[in-house]
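Below is one structure, written out as structure tokens; the observations come after it.
The values are calculated or read from the model by the stated rules, or taken from the named source; none is laboratory data. Model, not experiment: these values are computed from the prediction. Every residue, glycine among them, receives a Cβ derived from its backbone with ideal geometry; neighbour counts consider all protein chains shown.
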Amino acid sequence: MSRAVSGILNGYAELVNRTPGLTVAHGMLDDLIGETEQHNQDQLNNGKELTTGKKEARNLLTSGTISIRSALAALGTSSDDPQLKLLKVKYQAADSEVKRMRDMQLFTYAYTVYNDALPYATQMEPFATADDVAQLKVLADNFNSSLPQKRTQQSKSKLSTQNLEDAVAQIDLLLNDTIDVLVKPWENKEPNFYKAYQNARMLVDAASRKTKTDETPQP
């Protein structure tokens, strides 16, 4: 509705310029419309794209963790080292255990696997390489960094929702208390302008309330 009103004021620029205060009010209206567009866009950015990134990071970390712990179990099986034998027992659980872990649990567990593998990083071939072990830490750090981002983006989205509501309230106040009052004197002098303006203002009413005709039963 506010955009329709602005369009009418643009179309009758000569009358707007002749009306004291209306040019300034029109400029304020356009500024507020611009704010609503920006806040609406910010509102739509609710973190979905970050959720996708986090999901990808989690999948990579899950796969990397399973790979390295499987390598540790295999190394323990093929070694006579008592410490490695203990790691064999520690990491023979089902892969589904890792996949079901909560985010922070998975991050912590990945670091546990990494720390256990690090002393044996150069001894794990052919089950895994030293680079594979180092990569697990990278994957864990990347996943961890993705966790707070969505919360931050959602907070921004909520703030934008509030800002959008404030801007809409300011538009209503500007229309009701200023622009409507300034346009009213043209009702009889410039009926085409006044009617076009009123039609633009009525757009919001058409979707929000019934008219008396709608409420009256038809004979």
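Note on the stretch 180-219: residues that are in a helix (DSSP H, G or I), at pLDDT below 90 and among the hydroxyl-bearing types (Ser, Thr, Tyr) amount to 2.
For (1) surrounded by 15 or more Cβ atoms within 10 Å (Cβ to Cβ); (2) in contact (Cβ under 8 Å) with a residue 12 or more places away in the chain; (3) farther than 30 Å from residue 147 by Cα, each residue gets a yes or a no:
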site	(1), (2), (3)
66	yes, yes, no
72	yes, yes, no
77	no, no, yes
80	no, no, yes
99	no, yes, no
121	yes, yes, no
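Quick grid of which residues meet (1) closer than 30 Å to residue 133 by Cα; (2) surrounded by 19 or more Cβ atoms within 10 Å (Cβ to Cβ); (3) modelled with pLDDT of 90 or more; (4) in contact with a strand residue (DSSP E or B) (Cβ under 7 Å, 6 or more places away or on another chain):
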residue	(1), (2), (3), (4)
14	no, no, yes, no
21	no, no, yes, no
44	no, no, no, no
51	yes, no, no, no
55	yes, no, no, no
83	yes, no, no, no
92	yes, no, no, no
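State which residue is farthest from the chain's Cα centre (by Cα) when the search covers only the stretch 133-179 and only residues that are modelled with pLDDT of 90 or more and closer than 30 Å to residue 122 by Cα. Looking at residues that are modelled with pLDDT of 90 or more and closer than 30 Å to residue 122 by Cα, I get 133.
When restricted to residues that are buried (at least 16 other Cβ atoms within 10 Å of the Cβ) and part of a helix (DSSP H, G or I), the stretch 101-110 contains 4.
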